[in-house]
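Peer 1: Just dropping this structure here.
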Amino acid sequence: MTDIVLSEEEFNRRMEDAILERRPEGCRVEFADRRCNNGIAQPVARFRMEGRAMSPAVALSGLFEKYLRGSSVEELAEAVVRTAMEGLPDQDPDPGFLADFKKVRKRLGMRLVNAGRNRDILETIPWIPLEDLAVTFYVLMPGPASGGGMVQVRDREAENWQVSAGDLYREALKNCPVILPPVCRKLSDFLGYQLEEEEDAMRMLTNERQWYGAAAMLYPGFLASEAGRLGDDLYILPSSVHEVMLLPASDEDPAALAGIVSLANRSDVAEEEFLSDSVYLYRRKEDRIVRAFPPGKTGH
């Protein structure tokens with residue numbers, strides 16, 4: 001990398017040029033903003049391969065920060081192209097795949113998002129309310145394990161399939177533990193270093209991809225098993241859309257926990273990954289999740 005530090009605007013121009021120079025033969029690259037979770041517009045490079053229906057898109061946000069930390073434009077462009085090509089399945093799915101609910105149903109999954117920050121998109125998709133959250137649905141497309149292989153279920157697909165949000169939820173509850181198994185470990189295991197015993201009482205729950213893994217708290221029987229193992233109700237702290245923290249409810253103050261969640265959301269969580277500032281409680285006797293702080297209506 002040269003000693004001259006580029007402005008962000010000049011960096012973006014050079015990144016686009018470098019990506020275009022490295023695109024595979026027969027590939028057209030389009031640069032645009034993609035609407036993401038919480039209404040955030042994220043710049044992406046979409047790779048459209050000649051003769052292929054699938055067109056992987058790679059997020060470009062955060063690359064300027066990597067450049068400032070020492071990565072060259074060329075290195076970053078090569079990584080973008082490599083990520084796109086690795087996300088392209090060997091062959092396109094059956095053109096009728098998304099039209100046939102019998103083919104789709106075993107690949108239906110669910111995400112948890114903030115309802116308030118996604119009002120606009122919730123007007124166009126089927127969803128289930130859970131306190132201040134929304135359970136939304138996607139189809140896990142055949143092919144490589146990448147986020148780009150998850151296609152949002154919209155109202156028009158649900159109408160074509162003649163299914164309700166409740167139908168989608170029941171299918172997703174059956175599928176998710178199979179197609180995206182839960183992973184629940186001590187926080188220190190994820191961080192890679194030992195924490196104080198009190199801190200390490202928390203466990204991080206996600207799925208094996210660590211992608212929209214907060215929905216794992218809805219997996220049938222999972223929280224009941226964890227609460228039974230601990231002999232206690234559970235507080236659920238939303239770390240992001242990708243994971244939640246679980247800890248025994250005894251002797252914990254939900255207001256204090258909410259302060260921790262809010263601070264982490266402001267300092268450590270990207271806007272598009274924000275889930276909620278609320279703290280939730282799993283009541284094992286009732287087998288339900290409610291909002292503990294701020295108090296909310298009864299939940300799932």
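Throughout, read-outs are computed from the coordinates displayed, never taken from laboratory work. Note that the structure is predicted; figures quoted are calculated from it, not measured. Neighbour counts are summed over all protein chains in view; Cβ atoms, including those assigned to glycine, are modelled from backbone coordinates with ideal geometry.
Peer 1: Taking just the alpha-carbon atoms of region 206-261, what radius of gyration and Dmax come out, in angstrom?
Peer 2: 11.7, 33
Peer 1: I would also like to ask the following. Please report the equivalent ellipsoid semi-axes of region 48-111, computed as sqrt(5 x eigenvalue) of the Cα gyration tensor, largest first, in whole Å.
Peer 2: 33, 15, 8
Peer 1: Could I have the simple spin-label model distance between D253 and I4, label points 7 Å from Cα toward Cβ, reported in nm to one decimal?
Peer 2: 5.7 nm
Peer 1: Three principal axis extents, largest first, for the C-alpha atoms of the chain, in Å?
Peer 2: The Cα atoms of the chain stretch 60, 52, 31 Å along the principal axes, largest first.
Peer 1: Which aspartates and glutamates have a Cα less than 13 Å from the Cα of K66, not counting those fewer than 8 places away in the same chain?
Peer 2: Reachable aspartates and glutamates: E8, E74, E75.
Peer 1: On average, how much area does the Cα convex hull of region 8-86 cover when viewed from any direction, in nm²?
Peer 2: For region 8-86, the mean projected area of the Cα convex hull comes to 5.5 nm².
Peer 1: Please work out the FRET efficiency for the pair R52 and R154, using the Cβ-Cβ distance as r and a Förster radius of 22 Å; give the result to the nearest 0.05.
Peer 2: According to the calculation, E is roughly 0.45.
Peer 1: Now a separate question. Consider all pairwise Cα distances in region 182-293 and report the whole-number % of them above 22 Å.
Peer 2: Summing the P(r) of region 182-293 above 22 Å gives 26 percent of all pairs.
Peer 1: Have a look at A18, A216, L108 and report the one farthest towards the positive end of the charge dipole of the chain, computed about the Cα centre with Cβ charges (Lys/Arg +1, Asp/Glu -1).
Peer 2: Most positive-ward Cα: L108.
Peer 1: Among the listed pairs K174/K285; K103/K285; K102/K174, give every one whose C-alpha distance is greater than 26 Å.
Peer 2: Distance filter (> 26 Å) returns K103/K285.
Peer 1: Given a Förster distance of 45 angstrom, what is the FRET efficiency for E78 paired with K285, based on the Cβ-Cβ distance and rounded to 0.05?
Peer 2: 0.25
Peer 1: Any chance you could tell me what percent of the C-alpha pair distances in region 97-179 go past 20 Å?
Peer 2: Of all Cα-Cα pairs in region 97-179, 27 percent lie more than 20 Å apart.
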